[in-house]
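The block underneath contains the structure these notes are about, expressed in structure tokens.
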Amino acid sequence: MSNESQNNRQNDQSPDNNVGDQLIIFDTTLRDGEQSPGASMTKDEKVRIAKALEKMRVDVIEAGFPIASPGDFEAVKAVAAAVKDSTVCGLARALEKDISHAAEALKPAASSRIHTFIATSPIHMKMKLRMQPDDVLAQAVNAVKMARQFTDNVEFSPEDAGRSEIDFLCRVIETVIDAGARTINIPDTVGYNIPHQFGGLIRTLIERIPNADRAIFSVHCHNDLGLAVANSLSAVLNGARQVECTINGLGERAGNASLEEIVMAVRTRRDVFNCDTNLDTTQIVPCSKLVSGITGFPVQPNKAIVGVNAFAHESGIHQDGVLKSRETYEIMRAQDVGWSDNRMVLGKHSGRNAFKTRLKELNIDFSTEQELNEAFSRFKDLADKKHEIFDDDLRALVAETNWSIENEYLKLVSLRVCSETGETPTATMVLEVGGEEVSASASGGGPVDASFRAIESVVNSDTQLKLYSVNNITSGTDAQGEVTVRLEKAGRLVSGQGADTDIVIASVNAYINALNKLENTEVREHPQFGDV
């Protein structure tokens with residue numbers, strides 16, 4: 001069966017596929033992306049990201065795993081209520097309690113999907129499920145039938161399909177399609193496949209399964225060998241018409257297929273791919289920065305599409321070529337993915353209207369006047385320290401503001417550090433804890449160490465520092481430093497961020513940000529049992 005005929009036959013089967021050559025983008029940043037250690041998101045953060053994905057015109061947003069915890073249930077419910085133009089999906093194991101929880105959480109959605117799964121590879125069935133193949137098949141069918149009681153939009157995934165036996169895989173898929181599944185997702189759960197092999201698997205399934213024309217075939221690839229995007233694109237060339245992916249390639253272990261790379265590869269190489277997405281690609285960079293800021297996972301400078309060097313040219317030969325004709329060294333326009341050639345010229349003399357206008361141009365909106373006022377106040381403080389403020393400074397400033405307004409149980413009031421050659425560094429500070437000011441002081445191996453020790457002398461958090469990372473937001477000696485701190489407590493990992501022209505203050509703010517998240521973020525009981 002050709003790609004075109006498979007695509008056209010599927011066209012009449014799925015509510016998500018109204019155009020013959022549409023590639024459906026299924027974003028799982030809020031679910032699989034959140035399973036990255038340290039990347040847990042609050043309910044409000046999930047809603048913010050979901051709204052950004054909706055603005056990008058993502059077709060399906062997998063909002064979470066409702067059975068994982070009460071907090072995850074509420075987050076999926078909140079996303080379902082907030083999003084109107086994208087389909088909101090909830091993940092569920094092939095269990096009655098999972099499916100009923102997902103259905104309940106998705107009730108507010110204008111368009112909903114239940115995504116249910118069970119493992120089909122020999123190693124998973126034997127070692128994890130301890131089930132016989134026939135029992136797995138029966139459970140898969142029952143799960144799909146139950147999900148169909150709540151919605152016509154049901155997706156089924158045979159977990160670890162990339163290592164499953166082809167005959168059994170075909171049997172399972174044919175049966176669940178008969179049971180009512182309208183999207184069949186083929187996961188390379190452990191990133192084991194290579195592109196020609198995985199593409200061949202998709203083509204084989206489409207050709208061998210008699211009722212394949214009644215479902216959209218989808219793929220969900222992990223990046224353990226760095227092949228998630230390549231495997232996904234190979235699958236598209238062989239008939240898949242949905243790709244499950246995440247912003248910045250976020251996800252468990254080495255991550256998932258990167259949304260921005262999938263989308264721009266298909267759009268840039270229309271001579272190869274006979275399909276395209278409905279995405280507004282100008283929203284890619286703003287969404288990437290939002291996810292990076294919330295999760296505390298910085299984007300590497302040379303990351304395709306969204307890295308700061310993705311459209312940068314330093315070589316004289318490259319510069320000369322681009323100046324003569326952009327196409328000599330650029331295969332896509334920076335503006336098409338959300339980058340701008342315009343410099344941000346804001347400083348201490350800029351007014352509130354200029355500040356608000358520029359943020360609007362950056363697709364940053366405020367839900368309340370209080371948020372705008374707080375952000376503008378921080379902008380003025382920063383403008384007194386920096387001669388010129390750039391777009392990335394503003395994004396960092398707004399990200400810090402959004403968290404602090406809602407969740408500052410612990411707050412820095414003042415800080416004084418002393419670091420002198422031959423002397424032990426010391427830090428003296430005043431903290432606001434639950435509305436009351438407390439003084440603290442400590443010494444340490446350096447000003448940052450002393451500051452962290454001073455905080456701990458007050459809060460006694462019993463946490464372990466797992467990561468301390470410093471990045472410059474912009475260039476120049478007056479650039480803001482962006483600090484990421486990752487703390488672990490009782491098996492929980494949280495990341496905190498802080499930005500300031502003074503790296504010690506940025507470090508303290510990042511540490512306090514992480515402690516506040518520990519205070520406010522609900523524990524997910526099973527943060528990683530939903531990997532497909």
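Run the reach check for residue 411 against lysines, Cα to Cα strictly under 18 Å, same-chain hits fewer than 8 apart removed. What comes back?
Hits, sequence-local ones excluded: 517.
If you wrap a convex hull around the C-alpha atoms of segment 3-295 and split its volume per residue, what is the figure in Å³?
Values: hull volume 32.3 nm³, N = 293.
That works out to 110 Å³ per residue.
Tell me, in nm to one decimal, what length is gained between residue 326 and residue 312 on full extension, where the rule is 0.36 nm per residue of separation less the Cα-Cα distance?
Numbers: separation 14, 0.36 × 14 = 5.04 nm, distance 1.18 nm.
Between residue 326 and residue 312, full extension yields 3.9 nm more.
Under the 0.36 nm per residue contour assumption, what length would be gained going from the current alpha-carbon distance of residue 107 and residue 254 to full extension?
Numbers: separation 147, 0.36 × 147 = 52.92 nm, distance 3.32 nm.
Additional length available on full extension: 49.6 nm.
Fully extended, how many nm does the chain gain between residue 208 and residue 520 (0.36 nm per residue separation, minus their Cα-Cα distance)? Walk me through the numbers on the way to the answer.
Values: separation 312, 0.36 × 312 = 112.32 nm, distance 5.07 nm.
Here the answer is 107.2 nm.
Please report, in debye to the nearest 20, how large the charge dipole of the chain is about its Cα centre when each Lys and Arg carries +1 at its beta carbon and each Asp and Glu carries -1 there.
Values: 55 positive and 76 negative charges, 110 e Å.
Dipole size: approximately 520 debye.
Which aspartates and glutamates does residue 360 reach when only Cα atoms under 12 Å apart count, and residues fewer than 8 places away in its own chain are ignored?
The qualifying aspartates and glutamates are 391.
Using R₀ = 60 Å, calculate the FRET efficiency as 1/(1 + (r/R₀)^6) where r is the Cβ-Cβ separation of residue 166 and residue 85; round to 0.05. All intermediate terms of the calculation are to be shown ahead of the outcome.
Numbers: r = 38 Å, r/R0 = 0.63.
Step by step, r from the Cβ atoms, then E = 0.95.
How many Å³ per residue does the convex hull of the Cα positions in segment 408-532 occupy? Present the calculation step by step, with values, prior to reporting the outcome.
Working: hull volume 15.4 nm³, N = 125.
It comes to 123 Å³ per residue, whole-number rounded.
Could you check the simple spin-label distance between residue 408 and residue 430, using points 7 Å along Cα→Cβ, in nm with one decimal?
1.4 nm
Counting DSSP beta bridges in the chain, what percent are antiparallel, to the nearest 5?
Bridges in the chain that DSSP calls antiparallel: roughly 50 percent.
Return the tail of the calculated pair distribution for the chain, meaning the percent of Cα-Cα pairs more than 36 Å apart.
Percentage above 36 Å: 36.
Where nothing but the Cβ of Lys and Arg (+1) and of Asp and Glu (-1) is charged, how large is the charge dipole of segment 3-295 around its Cα centre, in debye to the nearest 20?
Working: 31 positive and 39 negative charges, 60 e Å.
The dipole magnitude comes to about 280 debye.
Please list, in order, the residues from segment 201-220 whose amide nitrogen is less than 12 Å from a point placed 7 Å along the Cα→Cβ vector of residue 178.
Under cut-off, by backbone N: 210-211.
Each value in this text was obtained by applying a stated rule to the coordinates, not by laboratory testing. Small disclaimer: the values here were computed from a predicted structure and weren't measured. Every residue, glycine as well, gets a Cβ built from its backbone with ideal geometry; the counts of neighbours run over all protein chains shown.
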